[in-house]
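Following: one structure in structure tokens, then a few remarks.
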Amino acid sequence: QVQLVESGGGLVQPGGSLRLSCAASGSFFGLFVMGWYRQAPGKQRELVAEITSNSNTPYAGSKKGRFTISRDNAKKTVYLQMNSLKPEDTAVYYCKMTRGSKDYWGQGTQVTVSS
């Protein structure tokens, strides 16, 4: 059984930084693609960043240069470093693990960017 637990969200002022963490349970964490998604109120969930098993990050998206995804396979944890945060980054951030044809999601962590 896979469980994903996000942490690190909170309230931050515009221009500030946060680092989100997603701790995974289960075996063979290092073999699977991990991703960060976010969902703002009234909007669809969107991909923020993805990282492969060998730490390639093929998706940069519109947050390139501000957000950085990384992973520590020994700790079974994936991170999202977010810098220069903007009010439009406010959302619930979710972690996802892709194992073959199945996706596993965490419960999400709220990020609010406001002065």
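Can you tell me which residue in the range 38-90 is nearest to the chain's Cα centre (by Cα), limited to those that are at positive phi and modelled with pLDDT of 90 or more? It comes out as 76.
Residue by residue, here is whether (1) farther than 15 Å from residue 9 by Cβ; (2) out of contact with any Lys or Arg (no Cβ under 6 Å at 6 or more places or on another chain) holds:
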| position | (1), (2) |
| --- | --- |
| 29 | yes, no |
| 52 | yes, yes |
| 71 | yes, yes |
| 78 | no, no |
| 90 | no, yes |
| 102 | yes, yes |
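Residue 104: in a strand (DSSP E or B), touching a residue at least 40 places away in the same chain (Cβ under 8 Å) and open to solvent by 40 Å² or more (accessible area, probe 1.4 Å), yes or no? Here the answer is yes, as residue 104 does meet what is asked. Of the strands (runs of 3 or more DSSP E) entirely within the range 17-86, those holding at least 3 residues that are closer than 19 Å to residue 101 by Cα occupy 33-39, 46-51.
Take the conditions closer than 20 Å to residue 108 by Cβ, open to solvent by 70 Å² or more (accessible area, probe 1.4 Å) and assigned to a strand (DSSP E or B) and apply them to residue 5. Does it pass? Let's see the steps before the verdict.
Working: closer than 20 Å to residue 108 by Cβ: yes; open to solvent by 70 Å² or more (accessible area, probe 1.4 Å): yes; assigned to a strand (DSSP E or B): yes.
Yes.
The values are calculated or read from the model by the stated rules, or taken from the named source; none is laboratory data. Keep in mind it's a predicted model, so treat the numbers as computed, not measured. Cβ: placed from backbone, ideal geometry, glycine included. Neighbour counts: every protein chain shown. Keep in mind that these areas ignore ligands, DNA and RNA; they rest on the heavy atoms of the full protein, side chains included. Shrake-Rupley method; radii C 1.70, N 1.55, O 1.52, S 1.80 Å.
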